[in-house]
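Working notes, structure below.
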Amino acid sequence: MSTHHPLYDTRYGGATQPVPELTTALIDQLLTHRSVRAFRPDPVSDAQLSAMIAAAQSAASSSNLQVWSVVAVRDQGLRDQLAEFAGNQAHVRQAPLQLVWLADLSRLERIAEAEGRPSAALDYLEMFLVGVVDAALAAQNAVAAAESMGLSTVYIGGMRNRPEDVARVLKLPPKTFAVFGMCVGHEDAARPASVKPRLPQSAVLHHEHYSTDQSVAVAEYNAAMARFYEAQQMDVKGTWAIHSAKRVAGPETLSGRDRLVEALKARGFALK
Ligand SMILES: Cc1cc2nc3c(=O)[nH]c(=O)nc-3n(C[C@H](O)[C@H](O)[C@H](O)COP(=O)(O)O)c2cc1C
């Protein structure tokens with residue numbers, strides 16, 4: 001058996017990697033994931049959207065509460081507004097479909113109300129977290145489904161920069177929150193994206209007990225990312241560790257999301 005596997009070589013950027021002892025068509029597909037930020041104008045069909053949502057709904061859901069929803073936005077005017085709210089990201093304007101994934105406690109509130117029952121537990125941080133986890137699991141299944149159909153995606157965390165504005169234009173009811181957006185479309189072959197390396201497994205996989213001894217793995221990853229930036233002709237100053245540290249230096253690095261608790265409370269999440 002060869003000691004290298006091309007999908008592992010790109011996923012780990014040539015850094016220390018396990019030799020894959022087994023794989024499946026699904027795992028091979030997951031290993032080739034790339035976020036895409038340049039799209040052709042060709043639409044995503046209703047059939048493709050419906051298949052993505054069926055995959056999303058097939059994700060596990062905490063207590064089967066299914067406390068998530070998604071708003072599919074094709075209208076160019078709305079996409080332009082969402083792009084502006086998300087820090088003026090050109091790919092949000094460009095991608096033919098924007099999926100805005102919601103933590104949605106409002107449906108359960110309406111159900112409880114219709115049943116004449118209280119729903120005071122919805123006011124706790126725990127239930128907000130359940131909604132966010134449900135939305136994320138659903139969304140990632142949709143990404144895998146989209147990629148299996150030859151479509152491309154990129155998540156848009158920028159949708160949390162101005163939550164009230166996003167809620168206003170999408171007419172979101174209270175107790176719903178746009179966790180992230182997602183561009184969906186066909187990759188522009190003239191501007192292709194590459195597989196971005198990940199940390200060595202030794203940094204993220206712990207056996208029996210957590211180990212903080214990760215400096216060798218991080219150093220290896222800094223080198224792998226330096227090779228990646230060079231191959232991509234990206235002029236990135238400093239190592240991955242340095243710019244990741246800069247990303248968490250202070251509240252000013254959060255693109256307005258430092259006031260998320262206040263925005264969530266205004267959206268009807270008491271977060272007790
Ligand atoms: C929750 C979430 C939010 C993200 N937000 C953005 C975003 O606002 N804009 C963007 O261009 N990429 C965004 N990304 C994409 C990440 O930058 C990307 O996944 C990461 O750099 C790894 O690259 P890869 O997905 O190509 O492997 C986001 C990813 C996630 C998971």
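The values are calculated or read from the model by the stated rules, or taken from the named source; none is laboratory data. These numbers come from a predicted model, not from an experiment. So basically every Cβ, Gly included, is an ideal-geometry build from the backbone, and we count neighbours across all protein chains shown. These accessible areas exclude ligands, DNA and RNA; they are computed on the full protein's heavy atoms, side chains included. Shrake-Rupley method; radii C 1.70, N 1.55, O 1.52, S 1.80 Å.
Test PRO251 against the criterion of being touching a residue at least 24 places away in the same chain (Cβ under 8 Å) and either of a type outside the set (Phe, Trp, Tyr) or outside the structural domain of VAL19 (by TED's automatic domain parsing) (or both), and give yes or no. Taking the combined requirement at face value, the residue does not satisfy it. In the range 47-81, the qualifying residues are those that are among the small types (Gly, Ala, Ser) and within 23 Å of ALA121 (Cα to Cα), and the one that is most open to solvent (accessible area, probe 1.4 Å) is SER63. Against the conditions (1) more than 14 Å from the ligand (Cβ to nearest atom); (2) open to solvent by less than 30 Å² (accessible area, probe 1.4 Å); (3) in contact with a Lys or Arg (Cβ under 9 Å, 6 or more places away or on another chain), ALA112 satisfies every one except (3). Here ALA138, ALA120, ALA144 are screened, and the one residue that is out of contact with any Ser or Thr (no Cβ under 6 Å at 6 or more places or on another chain), surrounded by fewer than 23 Cβ atoms within 10 Å (Cβ to Cβ), aliphatic (A, V, I, L, M) and farther than 21 Å from ARG267 by Cα is ALA144. In the range 221-237, the residues that are closer than 13 Å to SER194 by Cβ reach residues that are β-branched (Val, Ile, Thr) with C-beta atoms within less than 7 angstrom, at least six apart or across chains, in these pairs: TYR229/VAL236. Each residue in the range 186-219 was checked for being more than 16 Å from the ligand (Cβ to nearest atom), out of contact with any Asp or Glu (no Cβ under 6 Å at 6 or more places or on another chain) and not in a helix (DSSP H, G or I), and 12 of them qualify.
MET182: buried (at least 20 other Cβ atoms within 10 Å of the Cβ), within 16 Å of the ligand (Cβ to nearest atom) and not small (Gly, Ala, Ser), yes or no? When the stated conditions are applied, MET182 passes them. Just give me the residues in the range 25-47 being closer than 21 Å to ARG74 by Cβ and in contact with a strand residue (DSSP E or B) (Cβ under 9 Å, 6 or more places away or on another chain), in sequence order. Result: SER35, VAL36, ARG37, ALA38, PHE39, ARG40, PRO41, ASP42, PRO43, VAL44. Using the structure shown, decide if SER244 is under 13 Å from PRO163 (Cβ atoms), within 20 Å of the chain's Cα centre (by Cα) and not aliphatic (A, V, I, L, M). So SER244 does not fit the description; no.
Screening the range 147-179 for residues that are basic (Lys, Arg) and crowded, with 19+ Cβ neighbours inside 10 Å and picking the one that is nearest to the ligand (Cβ to nearest atom) gives ARG160.
Residue by residue, here is whether (1) free of Cβ contacts under 8 Å to residues at least 24 places away in the same chain; (2) closer than 21 Å to ASP104 by Cβ; (3) touching a Ser or Thr at 6+ places or on another chain (Cβ under 6 Å) holds:
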{"residue": "ASP28", "(1), (2), (3)": "yes, no, no"}
{"residue": "HIS33", "(1), (2), (3)": "no, no, no"}
{"residue": "PRO41", "(1), (2), (3)": "no, no, no"}
{"residue": "VAL44", "(1), (2), (3)": "no, no, no"}
{"residue": "GLN48", "(1), (2), (3)": "no, no, no"}
{"residue": "SER62", "(1), (2), (3)": "no, yes, no"}
{"residue": "VAL67", "(1), (2), (3)": "no, yes, no"}
{"residue": "VAL70", "(1), (2), (3)": "no, yes, no"}
{"residue": "ALA83", "(1), (2), (3)": "yes, no, no"}
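For the range 222-242, state whether one or more residues are under 28 Å from VAL130 (Cα atoms), surrounded by fewer than 16 Cβ atoms within 10 Å (Cβ to Cβ) and outside the structural domain of ARG110 (by TED's automatic domain parsing). For the range 222-242, residues under 28 Å from VAL130 (Cα atoms), surrounded by fewer than 16 Cβ atoms within 10 Å (Cβ to Cβ) and outside the structural domain of ARG110 (by TED's automatic domain parsing): absent.
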